Amino acid sequence: MSNDVIIPDGGGKGPAAIFKNVPRATIGEGTGLGYSVVHAVGKTFVLKHAGERHVLTNIPTGDPDRDGYPVQFFDFIILRSPPLASNFYYKNGYVEGSTSGPDCTSTDGVAPDDNVEKKESSRCDRCKRFVWQKVLPKTGRPGRECQQRMRLAVLAQPELIQNVIGSPLTDPILFNVPAASMRALKNFDDQMKAKHGPNAVYYSYITRARFKPDVSWPQFQYEFRGFLNDDMAGGVMELREDPLAYRIIGQTPDGKPLMRSLNEMQQQHLVEHQEEPIQQAKPVEPEEIVLPPKKAEPKKADPIPVTDASPDMDALIRAMAPKPRA
């Protein structure tokens with residue numbers, strides 16, 4: 001069995017009671033601005049916060065051989081996981097420390113985001129940059145020109161963050177899982193459920209990502225660090241519904257891709273508020289007027305003599321009636 005997953009005995013009696021009736025959640029089922037980010041650079045964990053970069057270091061214990069050195073693990077609680085990994089492509093390769101974004105990005109792993117100026121393809125699965133190659137010229141390792149990573153919304157260990165910026169982060173942050181570590185994370189999730197039951201959803205316990213010592217590139221093995229108690233679980237359940245947690249994984253609360261939903265909303269707004277164009281009336285072709293045949297002129301009635309006697313009313317009406325036109 002792979003040593004990428006470590007689930008020791010202990011860690012609590014099991015998931016807290018609050019997780020008994022929550023929706024079942026699985027990591028990687030199909031496999032920034034405004035928030036802090038933790039990602040791996042070589043064999044170090046780096047925090048990007050408020051425009052600055054901080055290497056995560058060991059919490060001081062008085063050991064000079066350990067204090068101040070980069071940590072080899074990162075403890076966190078997963079709040080939300082997307083169904084698919086995201087894709088990103090740098091035409092000239094990624095340079096660490098560069099502020100330039102990828103040339104093409106797909107947050108949901110299905111199609112390029114709407115704000116990508118030059119899309120490499122209309123869909124990721126049809127893109128030539130997404131084809132697996134035995135050896136990539138720039139790295140010498142197998143892979144794709146378009147790289148993958150899994151965007152996790154997590155709650156970081158407070159003491160670890162406080163050690164480098166002076167205060168903990170209590171909001172969701174983005175933790176980028178590299179492609180080489182995504183399969184192990186899926187296996188970790190599956191094995192936790194197999195050992196502790198379906199209530200052991202990924203947000204019911206603390207996870208540790210540790211660098212594998214036998215590889216030169218950043219690759220993680222995962223360890224189970226214990227279940228949350230009821231008090232911690234209540235706070236985590238609230239954070240899961242934080243709009244920032246959804247934004248980090250690139251989704252709206254109803255599960256739609258955020259980078260396309262925003263464009264759809266903008267288009268819908270334009271449709272709903274645009275004025276109806278004025279339709280020009282078409283000229284009406286004159287119809288041919290057919291006159292009825294002339295009728296024979298009726299014979300004029302003899303004038304009614306006026307007498308002192310009471311007049312015949314019917315005769316008066318007939319006399320006052322308009323004469324038919326010729």
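Here are the numbers for this structure:
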read-out: Neighbours by Cβ (under 6 Å, 6+ apart or cross-chain): first from the range 167-194, under 21 Å from Gly250 (Cβ atoms) and acidic (Asp, Glu); second modelled with pLDDT under 95 and not in a helix (DSSP H, G or I); value: Asp189/Ile27
read-out: Pair list, Cβ under 8 Å, 6 or more apart: the range 220-237 residue on the phi > 0 side of the Ramachandran plot, other residue part of a loop (DSSP other than H, G, I, E, B); value: Gly226/Gly10; Gly226/Gly11; Gly226/Gly12
read-out: Test result for Thr139, out of contact with any Lys or Arg (no Cβ under 6 Å at 6 or more places or on another chain), outside any helix (DSSP H, G or I), β-branched (Val, Ile, Thr) and surrounded by fewer than 18 Cβ atoms within 10 Å (Cβ to Cβ); value: yes
read-out: Selection within the range 65-93 - under 30 Å from Pro15 (Cβ atoms), part of a loop (DSSP other than H, G, I, E, B) and not β-branched (Val, Ile, Thr); value: Gln72, Ser81, Pro82, Pro83, Leu84, Ala85
read-out: Positions within the range 18-49 being at pLDDT 80 or above, in a loop (DSSP other than H, G, I, E, B) and out of contact with any helix residue (DSSP H, G or I) (no Cβ under 8 Å at 6 or more places or on another chain), in sequence order; value: Ser36, Gly42, Lys43
read-out: Out of Glu96, Glu117, sole residue that is at pLDDT below 90, part of a loop (DSSP other than H, G, I, E, B) and acidic (Asp, Glu); value: Glu96
read-out: All positions within the range 142-183 that are crowded, with 20+ Cβ neighbours inside 10 Å and in a helix (DSSP H, G or I); value: Leu160, Ile161, Ser181
read-out: Given (1) assigned to a loop (DSSP other than H, G, I, E, B); (2) at pLDDT 95 or above, index of the condition Pro218 fails; value: (2)
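Every residue, every condition in (1) closer than 15 Å to Pro178 by Cα; (2) surrounded by 10 or more Cβ atoms within 10 Å (Cβ to Cβ); (3) of a type in the set (Val, Ile, Thr); (4) in contact with a helix residue (DSSP H, G or I) (Cβ under 7 Å, 6 or more places away or on another chain), yes or no:
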site	(1), (2), (3), (4)
Asp75	no, yes, no, yes
Pro83	no, yes, no, no
Tyr90	no, yes, no, no
Pro112	no, yes, no, no
Val116	no, yes, yes, no
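The values are calculated or read from the model by the stated rules, or taken from the named source; none is laboratory data. The model shown is predicted, which means the values in this text are computed figures rather than measured ones. Every residue, glycine among them, receives a Cβ derived from its backbone with ideal geometry; neighbour counts consider all protein chains shown.
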